[in-house]
Amino acid sequence: IGMNQSMSDPITSNKVYRFATKVTNVSATIGLSSPTAGIKNVMIHMPRNFYVFGARNTLKGISRAWKIINDPKKYEEAIRAGYTGYGAKTVLQESPTVGKGIKWWFDNVNLMNRTENFNRIVSAESGKMYFNHMLDKLRKNPSLLKEKLKDPEIQRYLKDNWRLTDNRIDWLTREVNIRNTERFKRIEDWVGFQSHKRIAGATGTFDLPLI
């Protein structure tokens, strides 16, 4: 956003600035402490997922996410792929003064942590399915994708929305028998990662608009 701050900067190292940051994070924590916050979190998230990735993919994504959440091995794979660890967790980490009690509340009462991770896994899984439908269309294979898109439009979508490089797009288009390769698995994980950030948001420097 045109700002490049570090703790060596006199602004960010200022005690007032740091105090204000803590107050902001604690306020955000309190604002998310309603017992119904987790339910509202899901209700806000899912319509956007339906709109971007379609009803079929979202419903299958919900089914897959439920299985992943309840399978320790698959859930660990989701963590390694970067599908969890955003949102409420970030607020809690940046607001240690709120104490362990509020963390327990987030985990067990308002379910913010659980629904945040569930939402993001749904988006990752449904995004990967949408990606595969789009890839089938690009490769001239039978596809469930009903939109009438030309190859340049699909390639632009892959680049703009999933941040795939020209090299990756060319490989995905031309290489045969790609789906059982390690490279395809890495690309698919990357697509899932970008999908959940697109739907639920992210605040890393790379993800902020350059305005």
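The values are calculated or read from the model by the stated rules, or taken from the named source; none is laboratory data. None of the values given here were measured: they were computed from a predicted structure. As a convention, Cβ positions derive from the backbone with ideal geometry for all residues, glycine included, and neighbour counts pool all protein chains shown. Just so you know, the surface numbers come from the protein's heavy atoms only, side chains and all, with ligands and any DNA or RNA stripped out. Shrake-Rupley method; radii C 1.70, N 1.55, O 1.52, S 1.80 Å.
Scanning region 48-71 for residues that are open to solvent by 80 Å² or more (accessible area, probe 1.4 Å) and out of contact with any Asp or Glu (no Cβ under 7 Å at 6 or more places or on another chain) turns up R48, Y51, R56, L59, K60, W66, K67, N70.
Out of all the residues in region 34-64, which are small (G, A, S) and either more than 15 Å from N119 (Cβ to Cβ) or at pLDDT below 95 (or both)? The answer is S34, A37, G38, G54, A55. The residues of region 72-124 that are modelled with pLDDT of 85 or more, open to solvent by 60 Å² or more (accessible area, probe 1.4 Å) and β-branched (V, I, T) amount to a single one, I79. For region 149-190, filtering for residues that are of a type in the set (V, I, T) and under 15 Å from Y130 (Cα atoms) leaves 2.
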